[in-house]
Amino acid sequence: MNGSSLAARCRRLAALAVGAVLVGASLNGVASAAPDDPAPAGDAFYVPPSPLPEGKPGDVIRWRPSKAGPPAARSLADAWQVMYLSTDALGKRNAVTGSVLVPKGADPAKAPVIGFGPGTSGPAFRCAPSKFLDQGAFYEQSAVNGMLKAGYAVAMTDYEGYKPEVKTTYMTGKAMGPALIDGVRAAQRLPAAKLNAESPVFFRGYSQGGGAAMWAGQLQAEYAPELKLTAVVAGGVPSDLTKVALPLNGRRGFGFLAYALIGLDNAYADLKLDQYFTEAGRKAFTDMPKDTCTLEILTEWAGKRTADYLTKSPFLDAPWLARVAENKLGSLPPKVPVFQYHGTKDDIVAYGQASELRTAYCAAKVNVTWKTYEVDHITGVGRGNADALAYIAARLAGENPTPNCEA
């Protein structure tokens, strides 16, 4: 056989191998990207295919190996970045990215799966939690490591909109909940992860992630009844966006208010945030998604006021009031036990509105364990980690929690 015919035969064999991989992915319930580019390199990975592939919410579009964090975390788990099908706040199909982490040295088929909602990462594309995790710069790494050390697989969503032409829907519960739920489905359908769809599932998060976990808990029974949801663990929960937003005006956390306005506007075309801007406001809010992550939200936007950027508060107008009401927690109580915690000195996510959510869940007969810590919001990021892990372990051990609604 001469060199040219040998090369031709090799090319044919390679093509057959690629086809076999793609067919195998399809048979495993995985929606694949274009055959010649199943996992684009670099930032192209985050660009959804157009049109989106056929499939169900949670079906994997593409995946690639990634890092579980800094070196210490990499020794704990194998990790992949994934893009999967989900639904937005209006119930329309979209594509969401995230990360899947599976502990090393354990049987993945026996690993419980924690759907983990990250806290606020920021509106810029570079802030995507999966990017920060891969770079070893994820600020909730200790929470992730704790779950991995306990033998739990972690399905961490980026939420909607992290792509080069970034358009995140920050603080929109009806988008965050499906993104987190479908992140768990994607983890269970990712062939490389080898997880079990019958394993216990938990939703967990703090701050934005706490809101996402609660929304996932509220929506799961109807949206994903096949998941074996066992409990919801949520701290620093932004339950009522109006009551969270108003105290931030002129305070350290004003940037979170500004970002929430952008997020809601991205989720709902009828809100038309642009009509409220002053000239300075239009520039500032247009610039915010270009390079702003959590650090810049806390430093560059601290102490600002809506009057610096807006002609009036959008929350006074009917379209905004309606959309905010749609994204208020409490109307669909979770059907599983809930561990909710909050800092009594929280200066970013108001304590009172979180306490009201606990009261609403208790009135609806949810099995709620409520705990408070004398800390502010930022300190609270890690304060509840040990109690969260203990609560999850107790549920896995078959212990039924005793609610403390009367406390």
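Out of P123, P178, which single residue is buried (at least 19 other Cβ atoms within 10 Å of the Cβ) and under 13 Å from the mean Cα position of the chain (by Cα)? First the steps, then the outcome.
Values: P123 fails: under 13 Å from the mean Cα position of the chain (by Cα).
Testing whether each residue is buried (at least 19 other Cβ atoms within 10 Å of the Cβ) and under 13 Å from the mean Cα position of the chain (by Cα) leaves just P178.
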(request) Identify all residues within segment 86-137 that are within 28 Å of D270 (Cβ to Cβ) and β-branched (V, I, T); write none if there are none. (result) T87, V96, T97, T120
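Hey, among the residues in segment 230-253 that are under 19 Å from D387 (Cα atoms) and not small (G, A, S), which one's farthest from the chain's Cα centre (by Cα)? Steps first, please.
Start the filter on segment 230-253 by keeping residues that are under 19 Å from D387 (Cα atoms), which leaves 230-237.
When the remaining residues are screened for being not small (G, A, S), the result is 230, 232-233, 237.
Working: T230: 18, V232: 14, V233: 14, V237: 14 Å.
Among those residues, the one meeting the criterion is T230.
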(message) Please pick out the residue among L246, L273, L261 that is touching a Pro at 6+ places or on another chain (Cβ under 7 Å), closer than 21 Å to A350 by Cα and not assigned by TED's automatic domain parsing to the domain that holds V82.
(response) L261
(message) Consider segment 172-196. How many of its residues are touching a strand residue (DSSP E or B) at 6+ places or on another chain (Cβ under 8 Å) and in a loop (DSSP other than H, G, I, E, B)?
(response) 5
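Can you confirm whether W370 is surrounded by 14 or more Cβ atoms within 10 Å (Cβ to Cβ), at pLDDT 95 or above and either over 26 Å from the mean Cα position of the chain (by Cα) or over 22 Å from A213 (Cα atoms) (or both)? Can you show your working first?
Numbers: surrounded by 14 or more Cβ atoms within 10 Å (Cβ to Cβ): yes; at pLDDT 95 or above: yes; either over 26 Å from the mean Cα position of the chain (by Cα) or over 22 Å from A213 (Cα atoms) (or both): no.
When the stated conditions are applied, W370 does not pass them.
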(message) Just the residues that are charged (D, E, K, R), more than 27 Å from A221 (Cβ to Cβ) and part of a loop (DSSP other than H, G, I, E, B), please, taken from segment 308-347.
(response) K312, D317, K345, D346, D347
(message) For segment 236-274: of the residues being touching a Phe, Trp or Tyr at 6+ places or on another chain (Cβ under 8 Å) and of a type in the set (G, A, S), which is surrounded by the fewest Cβ atoms within 10 Å (Cβ to Cβ)?
(response) A260
(request) Hey, can you tell me all the residues within segment 136-168 that are under 19 Å from A89 (Cα atoms), surrounded by fewer than 24 Cβ atoms within 10 Å (Cβ to Cβ) and of a type in the set (S, T, Y)? (result) none
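The values are calculated or read from the model by the stated rules, or taken from the named source; none is laboratory data. Everything numeric in this text was worked out from a predicted model, so none of it was measured. Positions of Cβ are generated from backbone atoms using ideal geometry, with glycine treated the same way; all protein chains shown enter the neighbour counts.
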